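**Student:** This is the structure I have questions about; it appears just below.
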Amino acid sequence: MAEYIDSGIFNLSSRPRIQSYASLAGKKEGEGPLGRYFDLVVEDSHFGKDTWEKAESHFQCEALSMAIRKAELTKEDIGAVCAGDLVNQCISSTYGLREFEIPYIGIYGACSTMAEGLILSSVLVDSGAVKSCAAVTSSHFSTAERQFRFPLSYGNQRTPTSQWTCTASGAVIVSQTGNTELVGGCIGKITDMDVTDMNNMGAAMAPAAAETIRRYLTATGTVPENYDCIVTGDLGTTGSRLLLEFLLKQGIDISKQHHDCGVMIFDPETQDTRCGGSGCGCSASVLCGYFLPMLERGEIQNMLFAATGALMSPVSVQQGESIPTISHLVHLRRVQQ
């Protein structure tokens, strides 16, 4: 059973493991620096469907199908799936995964959804409630633009602090098999610094990431040097700079260990993505395409994955509300042979 360390912070007694994972990305993401690491790059943003929303659902369907095949399992072997996305009522997940007929937990953590899903999946496996559990999420540039910003046909200009919502998906199957273990985690606290500009998500989310990372390091008695990587997603360049500044003020320097999925996924010089990538699928695809294979190969041994999310809605923004944010963290470690 999970062992309580501090408020929202826990150890996983049985050390659930990552059995398999899969990553999909769109054409623009495939043209970026990490393009060769994704399992599948989809050139057609509609993925053969007649709407972008259906395309995003198909991204999740394919990601989970691929992860199940990699694990040499069937859908009947998966005890539950924890999934979410950015579209209203998480329809990308529910429509994308309904054909699997797997017990389903719909979740919403905005861009932190993959970390949230991993926390829930690992706790379910650790408790013995299920033998295996899948964490799945996705995002799509066009579905996010339609919902949160302007119709694409409007042709609005992007501000210097804006980020590009990734068309991507990631899926992870958690069980008791594999060579990467989930050590524990930190459930984030809602943080609100009164940021109201939805084109400056990095500034809104950086305090949440700083607070979650500080809490976990303090509660576990560890320091940044204990980890090969401390990965955030998706702060972008502005948010990453602010994260380092916030933690330095508290005497914590993670500059040598820090990587941000939003910074990594695009080349800002050639792809015109301003501050980098964002969206549930950004950190999910980078985790599944880049970092988990590094753990599996033994190139890194120990990492923290702290995904971040902005918990606003179109209605709350239209009503002038500030943007609450959150960051959930999972501790991943290669099993020592």
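What follows draws every value from the coordinates through simple rules; no lab data is involved. All of these numbers come straight from a predicted model, not from anything done at the bench. Ideal geometry is used to build each Cβ from the backbone, glycine not excepted, and the neighbour counts take in all protein chains shown.
**Student:** Comparing S240, S65, S93, which has the greatest mean-square fluctuation in the GNM of the chain with Cα pairs linked when under 10 Å apart?
**Tutor:** S65
**Student:** Report the gain in length on full extension from I105 to Q250: 0.36 nm times residue separation, minus Cα-Cα distance, nm rounded to one decimal.
**Tutor:** Answer, rounded to one decimal: 48.5 nm.
**Student:** When the chain is treated as a GNM, springs tying every alpha-carbon pair under 10 Å, which of E29, E296, E101 comes out with the largest mean-square fluctuation?
**Tutor:** Judging by the Gaussian network model, the answer is E101.
**Student:** Can I ask one more? To make sure I understand, if each residue's beta carbon is the centre and we count other beta carbons within 10 Å, what order do D194, D6, D260, D85 fall in, fewest to most?
**Tutor:** Starting with the residue having the fewest Cβ neighbours, the order is D194, D6, D260, D85.
**Student:** Give the whole-number value, in cubic angstrom per residue, of the convex hull volume spanned by the C-alpha atoms of the range 180-334.
**Tutor:** Roughly 109 Å³ of hull volume per residue.
**Student:** Amide H neighbours of R17 under 5 Å, at least 5 residues apart or on other chains, H built in the peptide plane: list them.
**Tutor:** S175, Q176, T177, L182
**Student:** Excluding residues fewer than 8 places away in the same chain, name every one of the lysines whose C-alpha is closer than 21 Å to that of K189.
**Tutor:** In chain and number order, the partners are K249.
**Student:** Which residue fluctuates most in the GNM of the chain (Cα springs below 10 Å): T212, T177, T113?
**Tutor:** T177
**Student:** Over the Cα atoms of the range 2-175, Rg to Rh with Kirkwood Rh, two decimal places?
**Tutor:** Rg/Rh for the range 2-175 comes to 1.00.
**Student:** Straight-line reach from K256: which aspartates and glutamates have Cα under 20 Å away, leaving out those fewer than 8 places along the same chain?
**Tutor:** Hits, sequence-local ones excluded: E211, E225, D228, D234, E245, E299.
**Student:** Straight-line reach from K49: which lysines have Cα under 19 Å away, leaving out those fewer than 8 places along the same chain?
**Tutor:** Excluding near neighbours in sequence, the set is K27, K28.
**Student:** Sticking with this one: Give a residue-ordered list of calculated ³J(HN,Hα) values for the range 35-40 (Karplus: 6.51 cos²θ - 1.76 cosθ + 1.60, θ = phi - 60°; whole Hz; x for Gly, Pro).
**Tutor:** x, 6, 8, 6, 5, 8
**Student:** For the range 269-282, what does the Karplus curve 6.51 cos²θ - 1.76 cosθ + 1.60, with θ = phi - 60°, yield as ³J(HN,Hα) per residue in whole Hz, taken in order and with x for Gly and Pro?
**Tutor:** For the range 269-282, the Karplus curve yields 6, 9, 10, 6, 9, 6, 8, x, x, 7, x, 3, x, 5 Hz.
**Student:** Can you sort V125, V286 so the residue with the fewest Cβ neighbours within 10 Å comes first?
**Tutor:** Lowest count first: V125, V286.
**Student:** Calculate for the chain the 222 nm mean residue ellipticity that helices alone would give, adding -39,500 (n - 2.57) per DSSP H run of length 4 or more and normalising by residue count, nearest 500 deg cm²/dmol.
**Tutor:** Per the formula, -9500 deg cm²/dmol.
**Student:** From zero outward in steps of 20 Å, how is the percent of C-alpha pairs of the chain spread across the bins?
**Tutor:** 36, 60, 5
**Student:** Related question: Contact order normalised by length for the chain, with contacts defined as Cα pairs under 8 Å and 6 or more residues apart; what percent is it?
**Tutor:** Value for the chain: 25 percent.
**Student:** Starting from the Cα of N226, step 7 Å along the direction of its Cβ; do the same at I190; then give the gap between the two resulting points in nm.
**Tutor:** 3.0 nm
**Student:** Are there DSSP H segments in the chain that both extend 18 Å or more along their axis (alpha-carbon positions) and score a mean Kyte-Doolittle hydropathy of at least 1.0? List them, or say none.
**Tutor:** Helices passing the filter in the chain: 113-127.
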